[in-house]
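Heads up, the thing below is written out as structure tokens.
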Amino acid sequence: MDSLVTSIGLQIRILRKSKKFSQEELAFKAKVHPTYIGQVERGEKNLTISSLLQITNALEINLADFFSVIETNYDSTEKLPYQLIIEILQEIDINEQKQLYDILKKIVELKKS
């Protein structure tokens, strides 16, 4: 699949996990099949707008906010910054991931101040 489909799926996964929903819970709330959520998150399925709307409604985020974090002028051959971050995180252990999370959280909190 292309980079945009992958980016959309990854963003859904990030939002789902931030809400502490399982794929099954999200599927139930969005009124879609649980395997569909997995396929979307892995970038294997190209969503329809109505399916995306059902999922974003279940995640309690509007489409404008959802797309605000996805690069609008993407180069399908180039990975997006958060994809690169996830690749790095997959290479380190859980304790190092937690430390990086704490650092990022503090940066965001400082930015909001």
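Based on other C-beta atoms within 10 Å, arrange Leu26, Leu63, Leu110, Leu47 from fewest to most. Could the numbers behind the result be given before it?
Numbers: Leu26 25, Leu63 12, Leu110 8, Leu47 18.
Fewest-to-most ranking of Leu26, Leu63, Leu110, Leu47: Leu110, Leu63, Leu47, Leu26.
Let me check the size of the chain from its C-alpha atoms; what are the radius of gyration and Dmax in Å?
When restricted to Cα atoms, the chain yields Rg and Dmax of 14.9, 41 Å.
Reachable lysines from Lys112, Cα under 25 Å, same-chain residues fewer than 8 places away excluded?
Cross-link targets: Lys17, Lys19, Lys20, Lys98.
Suppose the chain between Glu109 and Lys19 were pulled fully straight at 0.36 nm per residue; how much longer would it get relative to their current alpha carbon spacing? Provide the component values of the computation, followed by the final result.
Values: separation 90, 0.36 × 90 = 32.40 nm, distance 1.91 nm.
So the extension gain works out to 30.5 nm.
Report, in deg cm²/dmol and to the nearest 500, the calculated mean residue ellipticity at 222 nm for the chain, where each DSSP H run with n ≥ 4 adds -39500 (n - 2.57) and the sum is divided by the residue count. Show your work: numbers first, answer last.
Numbers: 7 runs with 76 residues, N = 113.
Taking each H run of at least 4 residues, the total per residue is -20500 deg cm²/dmol.
Which helices, counted as full DSSP H runs in the chain, have an axial Cα extent of no less than 18 Å and a Kyte-Doolittle average of -1.0 or above? Kindly include the intermediate steps, with their values, before the conclusion.
Values: long enough: 3-18 (22 Å, 0.58); 94-112 (27 Å, -0.67).
Passing helices, by number: 3-18, 94-112.
Every read-out reported here was derived from the displayed coordinates using simple, explicitly stated rules and does not represent laboratory data. This is a predicted model, so every value here is computed, not measured. Please note: Cβ atoms are built from the backbone with ideal geometry, for glycine as well, and neighbour counts cover all protein chains shown.
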